[in-house]
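Notes to accompany the following structure.
Rule-based calculations on the coordinates, nothing more; no lab input. Just so it is clear, the model here is predicted, and its values are computed rather than measured. Quick reminder, even Gly has a Cβ in these numbers, built from the backbone with ideal geometry, and neighbours come from all protein chains shown.
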Amino acid sequence: MTTISAAPDGPCIIQSDLSVLVEVDHHRFEEAREVLARFAELVKSPERMHTYRITPLSLWNAAAAGFGPDWILPRLEAVSRYSIPTAIRSEIIEQAARYGKLVLRRDESGGLLLEAGEPMLAARLEKFEAIQSCLAGRSGSGFVVHELQRGRLKHAMVKLGYPIRDLAGYTNGTPFHLSLRGADRAGRPFGLRDYQRRAVESFLGPAEGPGAGEGGSGVVAMPCGAGKTIVGLGVMERLGCHTLILAANIMALRQWREEILDKTGIPAELIGEYSGEKKEIRPVTIATYQVITYRSTGQAGTYPHYDLFNSQDWGLIVYDEVHLLPAPIFQITAALQARRRLGLTATLIREDGREDEVFSLIGPKRYDIPWRTLEENGWIAQAQCFEVRVPFSDDKMLAYATEADDHVRFRLAAENPAKEEALAALLARHQDDRVLIIGQYLDHLEHLAERFGLAVLTGRSASATRERLFRDFREGRLLKLVVSSIANIAVDLPEANCAIQVSGRFGSRQEEAQRLGRVLRPKRGANKAFFYTLVTQDTDEQAYARHRQLFLAEQGYRYTIMPAASLSDLSQARN
């Protein structure tokens with residue numbers, strides 16, 4: 001078998017199933033991690049050996065971002081300890097090359113034409129039953145595509161293993177000029193940072209040349225605090241059209257509105273709120289996922305607010321927190337392929353495994369930047385992550401071990417009373433810091449708030465209470481705040497520099513990333529942040545914690561694992 005040259009001191013071992021083992025303590029580990037992050041996904045992260053997996057979707061996203069086999073293979077060779085078998089090399093080339101074999105264009109009459117670069121592939125398309133209703137017959141070497149089936153065709157072909165490169169272009173939408181301010185309303189200088197400008201350019205793509213028409217759909221991935229909203233505003237300024245923004249909840253909606261007012265010259269009356277409270281449609285309209293996916297019971301289960309997508313000639317649709325996109329939004333997005341679509345997220349990971357639908361219907365990943373790169377340049381805080389393992393008492397461990405229901409077992413571990421002493425030690429350590437205590441179970445959070453005399457904020461809190469507590473925290477009248485999962489997204493508390501996670505949603509990687517993001521806004525002075533997770537030792541919660549940490553480990557963060565009894569030693573870690 002022909003092999004490829006390898007590096008004897010490489011930290012990686014590539015296996016026949018396209019998984020890659022990486023030695024964590026190797027002196028070239030960071031180099032390997034940065035290479036693999038472009039085209040592979042971290043799936044296991046024990047302390048000594050991390051496991052990545054190269055998948056078709058990870059290769060297609062890499063190819064769409066300009067990292068094809070000519071980029072991947074030499075770098076993979078350079079970090080590999082042993083020769084890469086030809087079969088693996090061929091699989092990477094073949095899968096990455098599938099992105100671009102099918103191209104969607106406009107023909108001379110303006111209709112949609114699907115071109116197949118290879119005769120055998122064109123012949124196979126005629127056999128795929130799942131796409132026949134999308135096609136209206138042959139046209140030379142290609143196929144005529146029904147205009148309204150553009151999204152359905154792209155989605156079906158991803159499922160069949162042949163992603164479509166969409167160069168058919170977009171409608172411009174109704175013009176609406178807006179410009180970014182040179183200073184915000186407080187008079188502080190404002191402008192796009194270099195990486196934000198690159199994100200805008202990567203999303204829009206070239207105006208001319210081979211890739212013209214491809215930009216205008218896809219995802220920009222950045223950590224919380226890096227300014228994803230600013231990237232959205234930069235795209236809106238460049239396109240100058242009516243824009244629909246979809247936000248995760250009412251708090252996110254209001255924060256978008258404040259950012260638009262603060263950073264642009266758009267008057268307030270031209271920004272519409274479409275939520276459970278208001279139904280305004282303006283040149284810039286911000287809607288919540290909840291209202292869009294509301295399903296009536298009196299009209300055969302229809303979605304009465306879907307009409308919002310056709311109520312204006314939108315030139316751009318922004319999907320904030322695209323990793324949380326509800327399934328019904330995918331369905332309507334399939335019919336919106338002629339509109340430019342921008343997805344914003346901290347992580348493309350979806351716990352429901354529907355990353356391929358984001359790829360096909362919103363678009364591929366157009367831009368991302370390593371979190372540690374932003375940290376090194378001072379754009380986000382330097383975060384120290386700790387996993388604090390808290391023991392069960394004997395009687396609690398007995399109750400846990402004899403409980404048959406997995407959900408009950410998990411909750412017993414999450415609400416371990418011994419976590420209270422660990423929390424007390426951390427609060428004493430960070431008595432002068434702005435601390436968020438985050439958890440999953442409302443009764444437990446309310447108990448902790450009462451135990452430590454702290455304010456608590458959950459989904460049960462009235463809007464006025466939320467605003468008051470947020471304001472008090474921002475202005476320093478409140479240094480500690482207990483918050484539920486509503487803090488996972490759209491809570492803008494840049495002053496927070498410490499988060500203590502007492503429980504979470506099982507093994508959710510994206511929740512872990514979002515919660516760390518609560519404290520990543522740049523800080524005055526040392527620019528440091530602290531992220532603690534309290535985990536009950538020798539329980540399923542410990543295994544879930546390892547899975548939760550995967551995405552952050554992929555970004556270069558390491559967790560210091562310590563027993564609760566050693567919390568007194570954290571003074572050295574902090575300094």
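For the chain, what is the relative contact order in percent, using Cα pairs closer than 8 Å and at least 6 residues apart in sequence? All intermediate terms of the calculation are to be shown ahead of the outcome.
Values: 1101 pairs, mean separation 77.7, N = 575.
In percent, rounded to a whole number, it is 14.
Give, in nm to one decimal, the length gained when the segment between S296 and A464 is fully stretched (0.36 nm per residue of separation minus the Cα-Cα distance). If you can, show how the numbers build up before the last one.
Working: separation 168, 0.36 × 168 = 60.48 nm, distance 2.85 nm.
Full-extension gain reported as 57.6 nm.
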Would you list, by chain and number, the aspartates and glutamates whose Cα falls below 20 Å from the Cα of K523, excluding same-chain residues fewer than 8 positions away?
D184, D194, E259, E375, E376, D432, D433, D472, E475, D492, E495
If each residue of separation counts as 0.36 nm, what is the full-extension length gain between E126 and R81 once their alpha-carbon separation is subtracted?
11.8 nm
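For region 194-369, what number of Lys pairs, 8 or more residues apart or on separate chains, have alpha-carbon atoms under 25 Å from each other? All intermediate terms of the calculation are to be shown ahead of the outcome.
Numbers: K228/K263; K228/K365; K263/K278; K263/K279.
So the count of such lysine pairs works out to 4.
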Find, among the chymotrypsin sites (Phe, Trp or Tyr not before Pro) in region 207-297, those assigned to loop by DSSP (not H, G, I, E, B) with at most 15 other beta-carbon atoms within 10 angstrom.
Y294
Going through region 4-65, which GluC sites (Glu not before Pro) have at most 16 other Cβ atoms within 10 Å and a DSSP loop state?
E47
Among S90, S311, S503, rank each residue by its count of other Cβ atoms within 10 Å, from fewest to most, as a rough exposure measure.
S90, S311, S503
Residues of type aspartates and glutamates that K101 reaches as a straight line, Cα spacing below 12 Å, ignoring anything fewer than 8 places off in the same chain:
E115, E118, D166
Here, GluC sites (Glu not before Pro) of region 375-416 satisfying both criteria (DSSP loop; at most 15 other Cβ within 10 Å) are E403
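Provide K419, K279 in ascending order of the number of other Cβ atoms located within 10 Å of each residue's Cβ, fewest first.
Numbers: K419 23, K279 14.
Ordered by Cβ neighbours within 10 Å, fewest first: K279, K419.
For the chain, what is the percent of antiparallel DSSP beta bridges, rounded to the nearest 5? Display every interim value, and only then the final one.
Working: 29 of 87 bridges.
If I count the DSSP bridges inside the chain, around 35 percent turn out antiparallel.
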When the chain is fully extended, how far beyond the present Cα-Cα distance does E376 get from R185, taking 0.36 nm per residue of separation?
65.9 nm
Which distance in nm do the two modelled labels at E201 and D540 give, with both placed 7 Å along the Cα-to-Cβ direction?
5.0
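Dipole size in debye (nearest 20) for region 102-166 around its Cα centre, Lys and Arg Cβ +1, Asp and Glu Cβ -1?
Working: 10 positive and 8 negative charges, 44 e Å.
Approximately 220 debye in magnitude.
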Can you find, among P417, A287, Q542, the residue sitting farthest towards the positive end of the charge dipole of the chain, where Lys and Arg contribute +1 and Asp and Glu -1 at Cβ?
A287
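In the neighborhood of I88, defined by Cβ-to-Cβ distances under 13 Å, what is the net charge if each Lys or Arg adds +1 and each Asp or Glu adds -1?
Taking every other residue near I88 into account, the sum is -2.
Between R138 and A565, what FRET efficiency comes out of the Förster formula 1/(1 + (r/R0)^6) with R0 = 60 Å and r the beta carbon distance, rounded to 0.05?
Step by step, r from the Cβ atoms, then E = 0.25.
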Here are some values of semi-axes √(5λ) of the Cα gyration tensor in Å: (i) 47, 32, 30; (ii) 33, 30, 27; (iii) 40, 32, 23. Which one was computed from this structure?
(iii)
Counting other beta carbons within 10 Å of each residue's own, what order do E269, E495 fall into, fewest first?
E269, E495
Calculated FRET value between A418 and D352, using beta carbons and R₀ = 41 Å, to 0.05
0.80
Charges on Cβ only, +1 for Lys and Arg, -1 for Asp and Glu, centred on the Cα centroid of region 473-575; of I486, G556, L520, which one is farthest towards the dipole's positive end?
L520
